1. May I ask you to say which residue of THR44, THR61 is at pLDDT 95 or above, in contact with a helix residue (DSSP H, G or I) (Cβ under 6 Å, 6 or more places away or on another chain), open to solvent by less than 80 Å² (accessible area, probe 1.4 Å) and not aromatic (Phe, Trp, Tyr)?
2. Just one of (1) touching a residue at least 12 places away in the same chain (Cβ under 8 Å); (2) part of a loop (DSSP other than H, G, I, E, B) trips up LYS71, so point out which.
3. Would you point out the residue of the range 24-41, among those that are farther than 22 Å from GLY65 by Cβ and surrounded by 16 or more Cβ atoms within 10 Å (Cβ to Cβ), that is farthest from the chain's Cα centre (by Cα)?
4. Given the structure, is GLU53 free of Cβ contacts under 8 Å to residues at least 24 places away in the same chain, more than 15 Å from the chain's Cα centre (by Cα) and surrounded by 11 or more Cβ atoms within 10 Å (Cβ to Cβ)?
5. For GLU7, work out the one condition from (1) of a type in the set (D, E, K, R); (2) open to solvent by 100 Å² or more (accessible area, probe 1.4 Å); (3) touching a helix residue (DSSP H, G or I) at 6+ places or on another chain (Cβ under 6 Å) it doesn't fulfil.
Amino acid sequence: MESKFLEFLGDTPKTRLLEFLITGREFDYSLSDLAKNSDIGWSTLHRIFPLMEKQETIIKTREIGRAKLYKINEKNLEVKKLIELYDNLLKKQLVELSEKQTIKIKAKN
């Protein structure tokens, strides 16, 4: 089942990456983690990542050895709005699922 976020904004590598980062906004990730967990090819990630860094959508948090770790920049105004959109769409999806469950339970009685 496609998420409401991807359904609303379109399923593109950039939106998949944004969704993954928003979902795990408390954590930071290596580029390998981002590519794997967002289901994005390595070359695609390297194509879209520099622009996202330049726009300060993504920020580098720390380095562990040679690995650089990144996370979504929650201080960025546009990112704040995307997070708000994501949270609202998630709430809407949960309400819809809850209503479906209620209907199924009522139908069984």
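1. So the residue among THR44, THR61 that is at pLDDT 95 or above, in contact with a helix residue (DSSP H, G or I) (Cβ under 6 Å, 6 or more places away or on another chain), open to solvent by less than 80 Å² (accessible area, probe 1.4 Å) and not aromatic (Phe, Trp, Tyr) is THR44.
2. Going through the list (1) touching a residue at least 12 places away in the same chain (Cβ under 8 Å); (2) part of a loop (DSSP other than H, G, I, E, B), LYS71 breaks only (2).
3. Going through the qualifying residues, I end up with ILE40.
4. yes
5. Failing condition for GLU7: (3).
Yes/no per residue for (1) in contact (Cβ under 8 Å) with a residue 40 or more places away in the chain; (2) part of a helix (DSSP H, G or I); (3) touching a strand residue (DSSP E or B) at 6+ places or on another chain (Cβ under 9 Å):
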site: LEU17; (1), (2), (3): no, yes, yes
site: LEU21; (1), (2), (3): yes, yes, yes
site: PHE27; (1), (2), (3): yes, no, yes
site: LYS36; (1), (2), (3): no, yes, no
site: ARG47; (1), (2), (3): no, yes, no
site: ILE59; (1), (2), (3): no, no, yes
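The values are calculated or read from the model by the stated rules, or taken from the named source; none is laboratory data. Predicted, not measured: the structure shown is a model, and the values here were computed from it. Note: ideal-geometry Cβ built from the backbone for every residue, glycine included; neighbour counts use all protein chains shown. To get the accessible areas, we keep the full protein, side chains included, count just its heavy atoms, and leave off ligands, DNA and RNA. Shrake-Rupley method; radii C 1.70, N 1.55, O 1.52, S 1.80 Å.
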